[in-house]
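Notes follow once the structure below has been shown.
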Amino acid sequence: MAQLIDGKIISKQIKDELKEQVTAMKTEGKEVGMAVIQVGKDPASTVYVGNKKKACAYIGIRSESYELPEETTQEELVTLIERLNRDDAIHGILVQLPVPAHIDEQAIIRAISPKKDVDGFHPQSVGALSIGQKGFVSCTPAGIIQLLKRSNIEIEGKECVVIGRSNIVGKPMALLLLRENGTVTVAHSRTKNLKEVCKRADILVVAVGRPKMIDASYVKEGAVVIDVGIHRGADNKLCGDVDFDSVEPVASAITPVPGGVGPMTIAMLMYNCVEAAR
Ligand code: GUN
């Protein structure tokens, strides 16, 4: 039986720690503020943005909501971001992605001040991470490090395999595991002998984006398996990139879907926002 790494419990711990800090900051006259921007009405984005605002309310962060129409121009969005960059009451700026196709996503990310880049997507934040300097770290991989640390899973010296090389998860994940002195391999869709590569892993982080792709044949006995995927199956049930029922008996620890990595992303966004305010 694998240890279940419970993201609901660990994210709640983090949010409760932040709530205490935010309350203390308030008594010193400092209120933490976050701007949450959504352009258009993508239903999934609306759910994510709603959850982020709820987390702000729980912790005591003041959130300012900007729900902009689909037709918003890039210039209008940049103008809003620049105004928020100058606003001393706003410590974090979040633009929910994806933005509509007529807006250049990278230009929007670059418009956010690195001091308020609570998503950790700005090239300066990414560069800082890659050379081991201070900066905001992308929330999902930062959350995974917290899951491992708070479950007393050592990273130092371990064979870590990350499947996926996205800017938001795979690449920053690899850099964070390296920073923790793991031995890191990044696998992806063109990797040859993916199974053999995965079977080397003491810690396997799966962000492939394919439902239940990773079964027990990819996993070494006793490995720690972190599942970043989330999909709704034909049976209407949520599942990850990992075939949980197949992998759970061989792993020493595993994250469930839902309730594993997912809740950690928002907790780390809140963490970044409190950091930004300090
Ligand atoms: N869309 C999907 N995930 C994210 C995220 O972590 N941050 C933002 N801003 N948009 C997203």
What is the number of the single condition among (1) more than 11 Å from the ligand (Cβ to nearest atom); (2) crowded, with 20+ Cβ neighbours inside 10 Å; (3) under 19 Å from the mean Cα position of the chain (by Cα); (4) under 28 Å from Glu20 (Cβ atoms) that His122 does not meet? (4)
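Give segment 31-53 a look and list any residue that's part of a strand (DSSP E or B) and either surrounded by fewer than 17 Cβ atoms within 10 Å (Cβ to Cβ) or within 12 Å of the ligand (Cβ to nearest atom) (or both), or say none.
If the condition is that a residue be part of a strand (DSSP E or B) and either surrounded by fewer than 17 Cβ atoms within 10 Å (Cβ to Cβ) or within 12 Å of the ligand (Cβ to nearest atom) (or both), then Met34, Ala35, Val36, Ile37, Gln38, Val39 are the ones that fit.
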Residue pairs, Cβ under 7 Å, 6 or more apart or interchain, first in segment 155-180 and on the phi > 0 side of the Ramachandran plot, second within 16 Å of the ligand (Cβ to nearest atom) and not aliphatic (A, V, I, L, M). List them. Gly164/Gly170
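Within segment 166-215, restricting attention to residues that are in a loop (DSSP other than H, G, I, E, B) and within 14 Å of the chain's Cα centre (by Cα), which residue is surrounded by the fewest Cβ atoms within 10 Å (Cβ to Cβ)?
Step one: list which residues in segment 166-215 are in a loop (DSSP other than H, G, I, E, B), which gives 166-169, 180-182, 188-193, 200-202, 207-213, 215.
After this cut, where a residue has to be within 14 Å of the chain's Cα centre (by Cα) as well, the list is 166-169, 207.
Details: Ser166: 15, Asn167: 13, Ile168: 19, Val169: 22, Ala207: 24.
Among those residues, the one meeting the criterion is Asn167.
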I'd like to know if segment 84-92 contains one or more residues that are within 14 Å of the ligand (Cβ to nearest atom), closer than 24 Å to Thr140 by Cα, of a type outside the set (Asp, Glu) and in contact (Cβ under 8 Å) with a residue 40 or more places away in the chain. yes
(1) more than 16 Å from the ligand (Cβ to nearest atom); (2) more than 29 Å from Met34 (Cα to Cα): which one isn't true of Gly209, the others all being true? (1)
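Quick one: which of Glu75, Glu70 is assigned to a loop (DSSP other than H, G, I, E, B), at pLDDT 95 or above, over 23 Å from the mean Cα position of the chain (by Cα) and of a type outside the set (S, T, N, Q)?
Details: Glu75 fails: assigned to a loop (DSSP other than H, G, I, E, B).
Residue meeting the stated conditions: Glu70.
The values are calculated or read from the model by the stated rules, or taken from the named source; none is laboratory data. Everything numeric in this text was worked out from a predicted model, so none of it was measured. FYI the Cβ positions are ideal-geometry reconstructions off the backbone, even for glycines, and counts take in every protein chain you see.
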